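Values in this text are rule-based calculations from the coordinates and carry no lab data. Given the structure is predicted, the values throughout are model-derived calculations rather than measurements. Cβ placement follows ideal geometry from the backbone for every residue including glycine, while neighbour counts extend to all protein chains displayed.
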Amino acid sequence: MGDVVRASGLVKAYGVGAARRRVLDGASLEVGAGELVAVVGPSGSGKSTLLHVMAGLDRLDAGTIEVAGAPVHRLGERALTRLRRDEIGLVFQAFHLVPELTGAENVVLPARANGGGAAAAARARELIEHLGLAEAAGRRPAELSGGEQQRLAIARALVNEPALVLADEPTGNLDDEAGAGVLALLRSVATGGRAVVLVTHDARAGAVADRTLRLMEGQLRSEPPA
Amino acid sequence: MRRAAALAFARLRARPARTALAALGIAAAGAMAGAALAVSVGLATGFDRAADRADLPDVIARFDNARTPAFVDRRVRALPDIAARSFRFELNNVHLSGNEHRTGQGSLEVLVAGKRRGYTVVAGRDVSNRRGGEVVIERGLADQFGLGVGDKLHIGQLTTHVVGIAVGPDNVAFPLARAARVYIPSGPLEQRFGAAPVNVAELWLHDPSKLDEVLTQARAVAYGLHDLRFITRGGVRATLDQAAGLIVALLSAFALVTLAAAALMLATSASAEVQRRLRTIGVQRALGFSRAQVTLQHAVEGALVAAPAALAGVALGVLAAGGPAGDLLATLNELPPGPALLPWLAAAVAAMVAVVGGASAWPAWRAAGRPATEIMRGGDLARARRTRPRRGGAGGGYFALGARLAGARRGRLLATVAALGAAVAVVLLMLSLATLLDRLKQDPALLGRRYQLTVAGDLATRDLIAGVPGVAAVGERYQVDGVDAFALGSPVRLIAYPGDHTRFESPPLARGRRVAASNEAEVGQGLAQALGLDLGATLAVELQGGEARFRVVGIDRALDNEGRIAYVQPPRVVRADPALTPALAVRLTTDADPNKVVARLTALGAPPQRAGGATTSNAAFLGVLADVLRVLAGLTAVVCLYALVQGLALTARERRTTVAVLRATGAGRREIASLFAGAAVAAVVPALLVGVAVHQWVLAPAVADLAAGYADLPIGAGALELTVVALGLAALGLGAAAWMTRRAGREPVVAGLREE
């Protein structure tokens, strides 16, 4: 199994002068296809920043990242957009579904950027069926539960068949039952052959993850298996 | 109040970009208002201002046989109520040359007696009666010849120096007027040639309301003066109205529409600002701010932005429109309003500040009246309606998504559509007016004329002309200008054809019937309104040799001569003015080539003239009007752009997270551009439909009615105007979308994701 993510010596700092703080300070990480890695740590430790630099949403101060063989740290905006479109799926804590669109329309949206027409719609339908979201697909986000919304958001992240799924606190806005369902779903996504990086406070994440890393003082350290 | 102002200042400083955007919109509306005021106030008050400053006489009497000043003075002294008098000798068709320009249409005005001039010197000084070689020239001549004070002007063989430039508002300016007037003192001439004669008397009355009595008396005592003609101050106004009255009325009507559109846009903009701050209002209410405090704060904040922006915008509008409006006034021999415009501008700025303050305060008052928790949860000033999701399909892509995002805020979309629609309607109106100007200039059919050519001179050629291929009909046409015998200051134009005049001129009949006998007249609605004529009334016209009376049997929607026209049959006209000779009106067949007919008639020795429109006399005048319309159209386009950008900016601001998520999930610049284009189209397409509908069914008929209740004016938009506006609006929409895409692309994606 080849590495989908290869990150080394990541440095990212915020603030200026005396207030300047390195939230990533030499962190390194490899994630293989079919692997689910959970990144835990206290609030403000830089977990979301780690995801953002991996997705090319934020720029590194130093270090290198490769995603699916592409050097994220060197790519321009256009190439990064293409990389996110083709190789990366993002899942957010607040779901971020477009409120005017139905569940199905939200799922297929990234495929539109990929030039997907009927094939994308078919793939979205397939995903919706597979994830048991047929009922939610015809409704708007405001009419859905948090769990349904997050599962639709995961379906959206998968519609372009990315190599890497990055999930930022996906259970943060969910109750226990819904959270457990989302974690199980991410596990199955990884089992399906994709690399999954999960940033979370959720203690149950360790149970579904292949590895758990703790982000402390800007560095990633392995946690003992749960 | 001070606390509210301090808070308002702090909030404005915290959001400089948004404040600048709001200020830009207010400035754009201010520019519209300023331009509209500069044009309409200038034109509406121009004549009175110039007449007052020039001390225009109440009556100007002209006669053909020049007499001695003493002779004329004896006649004048016999008149009642005369406050002052001045005499001139007027010599026409004088050759003028200077600064490498020349004309044979000079009018030499020798100032023989009297201190009051009837013109005002706008540069340099007046002529001195003691010094020779001095001349004051009219402004139109100075502009055309490029002459200034100190330059040389040759009057025939006489070399003079220009000592002053004057405006004489008793006629329009050269070259709109046929003659270019120059004024010289009589003193130096009299030293060489003896006493100067007089053929023009200017009279000022103690009581101008006694004008009719004076004129009646003047006719009684004017023996020895041939071909006596009077021009009154009211008559001058009517003459100027004939030159520009229709256009002035249209521009004034446009100014009203523009001001209404500006007010609507300001109200929309201010309301949108409050909409954005609903959560803040909720927090303020939760912290104990009273409803009145919240409202006052928003009103003050709106006023703080509006005052400088409105001031700058109004100033910009005045500057932009001032040039063309000044040219227009100069063409009409009128003076720009100068400081007299300031109260109007101050009122406009105050009104704009009040509109913005009020439009900010009202939604804030409404919002602050709702429970704080409800406001803090966000939402609209008006509750959003639940809509059913569309079935099937997957949303139609980013373009459709953009349209749906814009449509999700119905109130705002409606306001944007309303502001854009109003602007579209105004632009269509201006373009239609420009087309109308062209048609008035070129298309005789617009005036009800069915003949295309006229031939002056020998009536014996009539049968020859009738035999020319392409000629459908030839008829004698008499035209003469007189004054109403009951109101001597009111000009009347009589058009006479033997038999049925509708073969050659057929203005739409509003009421009554066509002329069937020599004692009958059809009058234009303009004349009917001016003289209070109705069916059955008597029209008495004073002509050179006497009076001609007719019974009004029909009222026409005639546009020619501002509707101050009457169609009659020749016998009574010829009896009252025996010297009158007709021209031949030539109507062509529908398939005739006018150029070929003109060539054949010329070969016959009867060179024809083409029948023109209402304002054929001066293309430059129409060009000046077109400039005014272009400036106003440009300002309106800026308003369109602002309304679009503001609508899109609000959508982008509210959907910052959505845009960030779309970018995070792989949407590139093209997809985001498509999103904003969809949002722009959601406003542009309905705005275009609304604008067209408002123009066709509301503005055009209303303006036509305002401008010329006496005529049918085709101000409807044609295919060209609609295409230009549609393409222009599409370009503005694309421009606004591109700008918003650029702005959105500059923002880091994570900034939008953190918004939640």
(request) List the equivalent ellipsoid semi-axes of the range B:48-170 in whole Å, largest first, each obtained as the square root of 5λ for an eigenvalue λ of the Cα gyration tensor. (result) 27, 17, 13
(request) Provide a whole-number value for the mean count of partner chain Cβ atoms within 10 Å of the Cβ atoms in peptide B:527-538. (result) 0
(request) Could you tell me what % of all Cα pairs in the range B:164-225 have separations over 13 Å? (result) 78
(request) Let me see the pair-distance distribution of the range A:107-174: every alpha carbon pair, 10 Å bin width, integer percents in order. (result) 21, 52, 26, 1
(message) Run the simple label-point estimate for B:VAL149 and B:LEU414 please: 7 Å along Cα→C-beta, distance reported in nm.
(response) 6.1
(request) Take the Cα radius of gyration of the range B:121-232 and divide it by 2.2 N^0.38 Å, with N its residue count; two decimals is plenty. (result) 1.27
(request) Please give the length that would be gained between B:ALA472 and B:ALA70 if that part of the chain were fully extended, namely 0.36 nm times their separation in residues minus their C-alpha to C-alpha distance (nm, one decimal). (result) 139.0 nm
(message) Highest mean first, how do A:61-74, A:42-55 rank when packing is the count of other Cβ atoms within 10 Å averaged over residues?
(response) A:42-55, A:61-74
(message) Lysine pairs in the protein assembly as shown with Cα distance under 29 Å, only those 8 or more apart or on different chains: how many are there?
(response) 4
(request) For the range B:462-473, take each phi angle, set θ = phi - 60°, evaluate the Karplus expression 6.51 cos²θ - 1.76 cosθ + 1.60, and give the result in whole Hz per residue in order, putting x for glycine and proline. (result) 3, 5, 4, 5, 4, x, 6, x, x, 8, 8, 7
(message) From the phi angles alone, apply the Karplus equation (6.51, -1.76, 1.60; θ = phi - 60°) to the range B:62-79 and give each ³J(HN,Hα) in whole Hz, x where the residue is Gly or Pro.
(response) 10, 8, 6, 8, 5, 10, 6, x, 5, 4, 5, 4, 4, 5, 5, 4, 7, 8
(message) Can you give me the distance in nm between label points at B:ASP593 and B:ASN519, each placed 7 Å from the Cα along the Cα-to-Cβ direction?
(response) 5.1
(request) Could you list A:MET216, B:MET430 in order of exposure, starting from the residue whose Cβ has the fewest other Cβ atoms within 10 Å? (result) A:MET216, B:MET430
(request) Calculate the spin-label point distance for B:ARG670 paired with A:GLU223, positioning each point 7 Å from the Cα along the beta-carbon direction, and give it in nanometres. (result) 4.3
(message) Just want the ordering: B:PHE504, B:PHE289, from fewest to most Cβ atoms lying within 10 Å of their own Cβ.
(response) B:PHE289, B:PHE504
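Counting partner chain Cβ atoms within 10 Å of every residue's Cβ in A:83-90, what's the average?
Values: counts 1, 7, 5, 1, 1, 3, 2, 6.
Mean inter-chain Cβ contacts per residue within 10 Å come to 3.
Given the -39500 (n - 2.57) contribution per DSSP H run of 4+ residues, what per-residue ellipticity at 222 nm results for the protein assembly as shown, rounded to the nearest 500 deg cm²/dmol?
The per-residue figure over the protein assembly as shown is -15500 deg cm²/dmol.
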(request) Estimate the FRET efficiency between B:SER97 and B:ASP55 by the formula 1/(1 + (r/R0)^6), using the beta-carbon distance for r and 35 Å for R0, to the nearest 0.05. (result) 0.70
(message) Using just the Cα positions, wrap chain A in a convex hull and report its mean projected area in square nanometres, one decimal place.
(response) 12.4
(message) Over all directions, how big on average is the projection of the convex hull of the alpha-carbon atoms in the range A:76-130, in square nanometres?
(response) 4.6
(message) How shielded is B:652-665 by partner chains, expressed as the average number of their Cβ atoms within 10 Å of its Cβ atoms?
(response) 5
(request) Would you mind getting me the FRET efficiency between B:HIS226 and B:GLN479? Use the beta-carbon distance for r and R0 = 25 Å, nearest 0.05. (result) 0.70
(request) State the extension gain, in nm to one decimal, for the chain segment bounded by B:ILE82 and B:ALA346, taking 0.36 nm per residue of separation less the distance between their alpha-carbons. (result) 91.0 nm
(message) Please list, ordered by chain and number, the residues whose modelled amide H lies under 5 Å from the amide H of B:ALA166; skip anything fewer than 5 residues away on the same chain.
(response) B:VAL122, B:ILE137, B:GLU138, B:ARG139
(request) Please give the FRET efficiency for B:ALA738 paired with B:ALA292, using the beta carbon to beta carbon distance and R0 = 45 Å, rounded to the nearest 0.05. (result) 0.55
(request) Pull out a ≥ b ≥ c, the square roots of the eigenvalues of the alpha-carbon gyration tensor of the range B:500-540, then state rounded if a/c is under 1.5, prolate if not and a/b is larger than b/c, and oblate in the remaining case. (result) oblate
(request) For the range B:80-131, go through all pairs of different Cα atoms, get the mean of 1/r, take its inverse, and jot down that Kirkwood value in Å. (result) 13.5
(message) With just the Cα atoms defining each centre, how far is the range B:490-509 from the range B:548-594? Give it in Å.
(response) 3
(message) For the ranges B:524-533, B:595-604, B:309-318, what's the packing order if you count other beta-carbon atoms within 10 Å of each residue, average per peptide, and put the highest first?
(response) B:309-318, B:524-533, B:595-604
(message) Between B:ASP500 and B:GLN191, what is 0.36 nm times their sequence separation minus the Cα-Cα distance? Round to one decimal in nm.
(response) 105.4 nm
(message) Once you compute Rg and the Kirkwood Rh from C-alpha atoms, what is the Rg to Rh ratio for the range B:268-371?
(response) 1.22
(request) Name the long-range amide H neighbours of A:GLU30: under 5 Å, sequence gap of 5 or more, or other chain; modelled H, no Pro or chain starts. (result) A:ALA7
(message) Taking every DSSP beta bridge with both residues inside chain A, roughly what % is antiparallel (nearest 5)?
(response) 55
(request) Sort the following peptides by mean Cβ neighbour count (other Cβ atoms within 10 Å, averaged over residues), highest first: B:17-24, B:136-143, A:217-224, A:82-89. (result) B:136-143, A:82-89, B:17-24, A:217-224
(message) Classify the protein assembly as shown from the C-alpha gyration tensor, please: rounded if a/c falls under 1.5, else prolate or oblate depending on whether a/b exceeds b/c.
(response) prolate
(message) In whole Hz and in residue order, list the ³J(HN,Hα) couplings for the range A:174-180 that follow from phi through the Karplus curve 6.51 cos²θ - 1.76 cosθ + 1.60, θ = phi - 60°; x for Gly and Pro.
(response) 10, 6, 4, 5, 5, x, 5
